[in-house]
1. Along the Cα→Cβ direction, 7 angstrom out, place labels at Glu701 and Asp125. What is the inter-label distance in nm?
2. When Rg is the radius of gyration of the Cα atoms in region 164-216 and Rh is its Kirkwood radius, what does Rg/Rh come to?
3. Go through Ser585, Ser276, Leu618 and say which Cα lies farthest out towards the positive end of the charge dipole of the chain; charges sit on Cβ, +1 for Lys and Arg, -1 for Asp and Glu.
4. Please report the equivalent ellipsoid semi-axes of region 454-525, computed as sqrt(5 x eigenvalue) of the Cα gyration tensor, largest first, in whole Å.
5. Please give the net charge around Glu456, taking every other residue with its beta carbon less than 12 angstrom from that of Glu456, where Lys and Arg add +1 and Asp and Glu add -1.
6. What does the helix-only formula give at 222 nm for the chain: each DSSP H stretch with n ≥ 4 adding -39500 (n - 2.57), the total divided by the residues, and the result rounded to the nearest 500 deg cm²/dmol?
7. Distance cut-off 32 Å, Cα to Cα: go down the list Lys184/Lys215; Lys184/Lys228; Lys465/Lys538; Lys61/Lys387; Lys23/Lys184 and report the pairs above it.
8. Note down, for region 183-255, the three equivalent ellipsoid semi-axes (square root of 5 times each alpha carbon gyration tensor eigenvalue), biggest first, whole angstrom.
Amino acid sequence: MSKSAKWSPKEDGSKRLPIYQHKSKLIQAVRDCSFLVVTGETGSGKTTQLPQYLREAGFCKDGKIGITQPRRVAAITVAQRVAQEMQCTLGKEVGYQVRFDDCTSQDTVVKYMTDGCLLREVLADPALSQYSVIILDEVHERSLNTDILLGLIKKVFTDPAKATKGRSFPLKVVVMSATLETDKLSAFLSNCPVFAIPGRTFPVTCTFGSAVGPKDLESTGYVKEVVKVALDIHTSEMAGDILVFLTGQSEIEHACDMLFEKAECIDYRYDVTDQSVDGLLILPLYGSMPTGKHTQLCQIGASVSFVWCYCDVIFFSFFFFSVLDQQRQIFQPPPPRIRKCVVATNIAATSLTINGIKYIVDSGFVKQLNHNSRVGMDILEVVPISKSEAQQRAGRAGRTSAGKCFRIYTKEFWEKCMPEYTIPEIQRTSLTAVILTLKCLGIHDVIRFPYLDCPEERFILEALKQLYQFDAIDRRGNVTKLGELMVEFPLHPGLTRALLKAASLGCQDLLLAVAAMLSVENIFIRPGHPDKQKEADKKHRALAAKTGSMNDFATLLSVFQSCKSSDRPSAWCKENWIHWRALKSAFSVETQLRDILHRLQQKKDFPVETFDGNKSELFRRCLCTGYFSNVARRSIGKVFCTMDGHGSMVHIHPSSSLFDQEGELNWVIFHDVLATSRVYIRTVCPIRYEWVKDLLPKLHEVDAYELSSVAREEVTAEEMTKWESREAAKRQSEVSDEDAM
Ligand code: CDP
Ligand code: MG
């Protein structure tokens, strides 16, 4: 059988997708121009079909087709689906690459990847010479990395002089978006053509609830309400699957636990309107899948029977599922007479389409990383979604027939608390890592870079300032040797800085494990049942106490090492209420980070330092070099005050082993910040002031004006000399002040 015959579309329903009728016109449109914007309703087949059409049309002759996704789960599941449609093994012709997980091979011609991965590839090969087509997908999501890729592509490939540099054939760029902002995208990319795939949608009736009003912004009561509404739908609405929108993993798991408990009590003979329904299949869907904790199948009827467990395999009367199949189940029709209820994050709004959904339960909230100017750092916050996002969520119920959307919030909440549109990530998060990437690509003028929407200048300055503080750039804004090493790691620059410090001191093992543990999802299992919760908490406290130092970073290290050296690591995890899958990912991430480090250590100018002190101090001192901008000092009682100039009041998160610590604990560093009713610092480590004393002034050393000039590349040599002599004079006067004392 010839290869092309093997690749023809199968009877898998793909011919019924709206995109199918436009196949030849689409292929022609890609042939005719270098840039193309494609829009179409979510679910019309853009992500799964277009790459296959282009493959069939011979676009892989010279290079690969690369498709970016803002979310890693989307990249993985879509690649799985396409491999299935093309009847090939995942990782062969069709593969995916996400951070720390490369499932591609020499044979891969259709490659799904996160936008972050492509950005890293651009660093190594700015001409993208391996690719014949780049498809930037889900552009409407306006993720930071996709926005940067758009700017880079515009800068390089819309300029005919630069476009062919390093390439033997021209690159085709397709930008895909769910209807929003297509004119703006076309204008941005030299007024390129827009191809609109007409879609068919059915009416969705939306109702507002009464549970969440403008006063409930800080409460988490919506989880309970969402569960209640989902159960009401299950008992009183006709057959059809339910999609529930919540904000994150722990909340979703909690909601699934509650749903399971309540669904258990339903008597299908009396309580359920539609007698063709006699079971509820509850499926969680969130960002760090496929590491999901458990699948819960709850079929309650004449014979009540279910199994609940935290291991990889779930056995339920006549169904047999492994967690690995969990994702596939989300997309497959449920077993007969069973109603499917998917409890998801925003990922199910546009990135992934689940067929058969008839009912939506919208919590009205989303978890978002926002730069908080009050606290001066990025904070993961639960915030109201935008109105356009709410419409998008509702639309998921009307793909194949008329649907219903139950909003648990009031009309007043909609009017007063929900913005019209979601602000692009580039305008609300830290740009540190991205600016370092741009600098390493030789783009010094990071203020006048072609952004689709410009970030606020102060965010760019903040990023430059941070890079300067980490010694990644010098005062002139040039990347330092350290900066060149830092950009190689797919980690937050602070964590990379600490890792490189440890490596220079020969104790990289400590930081490699910690960096890996901080790069995977939460490793600690927190069960919903109060008794089990107590048991898990006790185990976790014992793990922390084992380190003898009450330091959350040390706990992570100890969990990593104990599990790795255990004879039966999965049993060890089960016993200690640790997610085995998360730890397995951490082991793999550690190996990959070790490989990167090893490669860099071969360079002859890799820094080498010495230290004489004890191991615990060495470990914490390395952490300080990366986290000195996250230092807090005890203020009154349990309140800490940050030392970054903002002086924000923060509390230690209850999950920290230092939560109840009194006494000696005066100075701490922390990994991140979570804002709920209070501002919490998480993953905390006690330190001594002496260790950061010399680093802290660096936080205030440069002012925005100087860096702004650097950013704009407007500093002439003359200005720079003037500035340097002014600085020298300042330093001189400081020295004389000290002399005088
Ligand atoms: O990209 P767009 O939203 O236009 O559509 P798509 O993601 O290509 O989805 C086309 C169809 O494939 C939908 O009916 C999805 O439900 C289905 N699909 C699936 O069954 N399993 C996946 N992992 C991804 C998509
Ligand atoms: Mg898509």
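No value in this document is a laboratory result; all are computed from the given coordinates. Owing to the predicted nature of the structure, the values given are computational and were not obtained by experimental measurement. Backbone-built Cβ (ideal geometry, glycine too); neighbour counts: all protein chains shown.
1. 3.8 nm
2. 1.28
3. Comparing the listed Cα positions along the dipole, Ser276 ranks first.
4. Semi-axes (√(5λ), whole Å): 25, 18, 8.
5. Details: positive: Arg428, Arg458; negative: Asp453, Glu457, Glu462.
Cβ neighbours under 12 Å give a net charge of -1.
6. So the helix-based figure for the chain works out to -12000 deg cm²/dmol.
7. Lys184/Lys215; Lys184/Lys228; Lys465/Lys538; Lys61/Lys387
8. Listed largest to smallest, the semi-axes of region 183-255 are 36, 20, 13 Å.
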